Ligand code: NAI
């Protein structure tokens, strides 16, 4: 087996550190796999840089559309290895019969759920305000009155790996829990209900489903109108689930009590980079940031040591598995999302 050459786009120092630790172990006896790290994102202008490599490794804000796939395919790229779970940025259907797409289905659902609660608690107990005040020797409590989570009703949309961690944490706080999923998990002991019931009855609504064409902008003017006054919206899933302008209007009209966002629809050119000293061109984001009841982090929910280590291990394992057996259990099938499902149901349409 020859050396597998991987080019990683949108690499950050923490990615490089975690991948190099795993590579050192893997390559101890034989040089099996090498990584070249690029800071630039993948798009139709940078795709040509993959020429001469076997595998392209990408993250959430790299663009893998038809133009990019054509360039990669013409340049003999066999595999796109996502170092994330979500794959809404990849035209998986267009990859069919051209390039195999592998992903990391789970790296730390707890990290994301814990961050979601960290944002919720920051907001509901005004920790972001208190932190700045005490740094300035201002020990006044006026304006810092919070709310209990105990007995509040939280609506969890998407009861997969992260949704389940959310449910466990919410139980610890003594919250009432309602859940919605397109595919109900019969083994999960939770009160499933309709989306409409979640919108109409929950004090807090948290999004944990993937972004698809079907649910893009599921939080919009109409659904916000259904919600309780003062509702808190949490989104650590994908920005496109929320119509950001409608969210902003909901906040301005005081309908929405608070929003905690780790993702933003137009995040790809903004998040993960230091923009201090720059003027933000995105007026909606700039206005959201000024709101005292908006907590925004820049797609940070996954960022723990444990998750980075799992991402590096699984990404490299996926590539090595693919190289030795021409597939991987973490290959995405464009028909159902997972090649293992296809195999189980004996309707393998992928490759
Ligand atoms: P998962 O695949 O384990 O669970 C997703 C759940 O959503 C499944 O139960 C599925 O049936 C359900 N679902 C699918 N379509 C739906 C729809 N239209 N409406 C309602 N439910 C639907 O995924 P996991 O690991 O729980 O991740 C959820 C999302 O979190 C990912 O899709 C990704 O977008 C996001 N994520 C964000 C991270 C961050 O750092 N902010 C890190 C990792 C994931």
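Annotations
- Meets criteria (part of a loop (DSSP other than H, G, I, E, B), over 22 Å from residue 110 (Cβ atoms) and at pLDDT 95 or above) for residue 188: no
- Region 82-103, subset within 16 Å of the ligand (Cβ to nearest atom) and assigned to a strand (DSSP E or B), residue surrounded by the fewest Cβ atoms within 10 Å (Cβ to Cβ): 90
- Of all the residues in region 211-237, those that are within 16 Å of the ligand (Cβ to nearest atom), touching a helix residue (DSSP H, G or I) at 6+ places or on another chain (Cβ under 9 Å) and either within 25 Å of residue 300 (Cβ to Cβ) or modelled with pLDDT under 95 (or both) number 11.
- Verdict on residue 106 being within 16 Å of the ligand (Cβ to nearest atom), in contact (Cβ under 8 Å) with a residue 24 or more places away in the chain and either in a loop (DSSP other than H, G, I, E, B) or over 30 Å from residue 150 (Cβ atoms) (or both): yes
- Cβ-Cβ contacts under 6 Å between residues 6 or more apart (or on different chains), taken from a first residue in region 114-135 that is farther than 16 Å from residue 293 by Cβ and free of Cβ contacts under 8 Å to residues at least 60 places away in the same chain to a second residue that is within 16 Å of the ligand (Cβ to nearest atom) and in a helix (DSSP H, G or I), are listed as 117/169.
- Residue in region 244-260 that is part of a loop (DSSP other than H, G, I, E, B), crowded, with 21+ Cβ neighbours inside 10 Å and either within 16 Å of the ligand (Cβ to nearest atom) or touching a residue at least 12 places away in the same chain (Cβ under 8 Å) (or both) present: no
- Breaking point among (1) over 21 Å from the mean Cα position of the chain (by Cα); (2) in contact (Cβ under 8 Å) with a residue 12 or more places away in the chain; (3) farther than 30 Å from residue 32 by Cα; (4) part of a loop (DSSP other than H, G, I, E, B), for residue 276: (2)
- Qualifying residue in region 122-143 (condition: in a strand (DSSP E or B) and in contact with a strand residue (DSSP E or B) (Cβ under 7 Å, 6 or more places away or on another chain)): no
- Exactly one residue out of 41, 5 is surrounded by 14 or more Cβ atoms within 10 Å (Cβ to Cβ) and assigned to a loop (DSSP other than H, G, I, E, B): that is 41.
- Residue match in region 140-154 (condition: under 17 Å from residue 120 (Cα atoms), more than 9 Å from the ligand (Cβ to nearest atom) and within 23 Å of the chain's Cα centre (by Cα)): yes
- Which listed residue, of 56, 92, is over 20 Å from residue 304 (Cα atoms), modelled with pLDDT of 95 or more and touching a strand residue (DSSP E or B) at 6+ places or on another chain (Cβ under 7 Å): 56
- Screening region 299-328 for residues that are in a loop (DSSP other than H, G, I, E, B) and touching a residue at least 40 places away in the same chain (Cβ under 8 Å) and picking the one that is surrounded by the most Cβ atoms within 10 Å (Cβ to Cβ) gives 328.
- Boolean, residue 177 is assigned to a helix (DSSP H, G or I), in contact with a helix residue (DSSP H, G or I) (Cβ under 8 Å, 6 or more places away or on another chain) and under 22 Å from residue 257 (Cα atoms): no
- Check on residue 112, closer than 25 Å to residue 239 by Cα, within 16 Å of the ligand (Cβ to nearest atom), within 27 Å of the chain's Cα centre (by Cα) and modelled with pLDDT under 95: no
- Being within 14 Å of the ligand (Cβ to nearest atom), touching a residue at least 60 places away in the same chain (Cβ under 8 Å) and surrounded by 11 or more Cβ atoms within 10 Å (Cβ to Cβ) is a property that does not hold for residue 163.
The values are calculated or read from the model by the stated rules, or taken from the named source; none is laboratory data. Quick caveat, the model's predicted, so the values are computed rather than measured. No Cβ is skipped: glycine too gets one built from the backbone with ideal geometry, and neighbour counts run over all protein chains shown.
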